[in-house]
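**Student:** The structure is given below, and queries will be raised subsequently.
The values are calculated or read from the model by the stated rules, or taken from the named source; none is laboratory data. Note that the coordinates shown come from a computational prediction; the quantities given were computed from them, not determined experimentally. Cβ: placed from backbone, ideal geometry, glycine included. Neighbour counts: every protein chain shown.
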Amino acid sequence: MWEIEDIPPSNKLYVRVHKNNINPKTAEPRPAAFKNTPEKGPDLSSDWEKHSTPQSSRDLIGKQFKYGTEAFKNPNDFFIVSFTCEKLSCINPPQSVQHTPQYNNPEIVGEPNNRAHASIIGDKSDEEIRLKFIDIYNWEIKPNI
Amino acid sequence: MNEKIADMHIPQIRIDRKKTDLRGNNMYSKTPNIFKSEDYHSRAKQSKIGIFDEKYNGKTKTNYSHIKIGNWEFEYPNAIENIITEIKRSFSLLDMKDSWDDEGAVAVNIDTWIKAAIFLYNYAQYLYVNSKHQNVLIEPDIAPVNDGSIDLTWRTEKARLLINIKPKSLDRVSYYCDLYSDKDFSKGNVSSESINEGFAGWLNFFIKPNVGN
């Protein structure tokens, strides 16, 4: 079990972007990339830089099952962007961040333990906020398009 | 799939008239070549090239083509071929199965795609007809969203616009548009079955440069 820590505003969170959520013409994430997952979930998952790197965040994807299946995701189908917490709190409606480490003993196949896991909490159904997410991201692992 | 198309009601197209668009252009002067509901099937049988020019523009002879969206055939000026190409390309969204993002996304259904395609066609056609310089709308990125809706996105140096067409409320579409400023923005929803001239004014920020001038 890992202690829940406060995430400093200046810290980065790594967020995965599926290849189908990338505009093939511009190689930029689409606004659709920044919705809560699963679709009716309360938050968007991310990994806190204190306990992860862009590459480790991507590698961990390969230990997760595809939704509703027992097939593992392909990490190469995902790319990694980052947000700083302070920028997330500045968009409207503001998003809050919370360290939400995932730990099970024994570890559950398809749901790997993850000390870095953090949640970006807030409504993301609104067109305005999804469009404004595009302003504040940075690529960490970028697609070659 | 064919059953679903047949069950759809015919889109009701009407014009919500206002005096001017966002740039102050008179919007009364021309009648757009947008199908009224009762015209759909009769217009679908027509293929008279050039009638659009003769009736509404009268300056240049422009060729027209046709596209079939769902059960309906639409006439369009070749100048907006970029929009039509993007609509055709977006048909592939229907090939994407549930969980297309590996995270439980809902697949786009045919009704939502048809609504999005006709919505885009109507506004592209409207802007072309109702502008002095035959404005050609830049093609948007047409993308699926994990709730089964479709996003139309434009981003230029001056402005950005996101339109979302939801499967559960096909008669309205929601949008947000701004000039990268909290002061110059528009947000809300418009009918998917009529032209809102105020909203069309915002689309004038996404016009191809040096076309028809």
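**Student:** Run B:Gly148 past the list (1) surrounded by 19 or more Cβ atoms within 10 Å (Cβ to Cβ); (2) closer than 17 Å to A:Pro31 by Cα; (3) touching a Pro at 6+ places or on another chain (Cβ under 6 Å) and report the number of the one that doesn't hold.
**Tutor:** (1)
**Student:** Test B:Ala116 against the criterion of being part of a helix (DSSP H, G or I), buried (at least 22 other Cβ atoms within 10 Å of the Cβ), among the hydrophobic types (A, V, I, L, M, F, W, C) and within 14 Å of chain A (Cβ to nearest Cβ), and give yes or no.
**Tutor:** yes
**Student:** Specify which of the listed residues (A:Gln102, A:Gln95) is touching a residue at least 12 places away in the same chain (Cβ under 8 Å) and touching a Leu at 6+ places or on another chain (Cβ under 8 Å).
**Tutor:** The conditions single out A:Gln95.
**Student:** Right, next: Just to verify a result, which residue in the range A:91-145, among those that are among the charged types (D, E, K, R) and over 23 Å from B:Thr153 (Cα atoms), is surrounded by the most Cβ atoms within 10 Å (Cβ to Cβ)?
**Tutor:** Among those residues, the one meeting the criterion is A:Glu140.
**Student:** Separate question: How do the strands (runs of 3 or more DSSP E) wholly within the range A:1-107 filter down when requiring 2 or more residues that are within 14 Å of another protein chain (Cβ to nearest Cβ) and at pLDDT below 95: which remain?
**Tutor:** Fully inside the range A:1-107 and qualifying: A:43-48.
**Student:** Quick one: in the range B:166-186, which of the residues that are touching a residue at least 12 places away in the same chain (Cβ under 8 Å) and more than 15 Å from B:Leu203 (Cβ to Cβ) is nearest to the other protein chains (Cβ to nearest Cβ)?
**Tutor:** B:Ser174
**Student:** Would you mind stating whether B:Thr153 is in a strand (DSSP E or B) and either free of Cβ contacts under 8 Å to residues at least 40 places away in the same chain or more than 10 Å from every other protein chain (Cβ to nearest Cβ) (or both)?
**Tutor:** Judged against the criteria, B:Thr153 is a match.
**Student:** Quick one: how many residues across the range B:119-146 are in a loop (DSSP other than H, G, I, E, B) and closer than 20 Å to A:Lys73 by Cβ?
**Tutor:** 2
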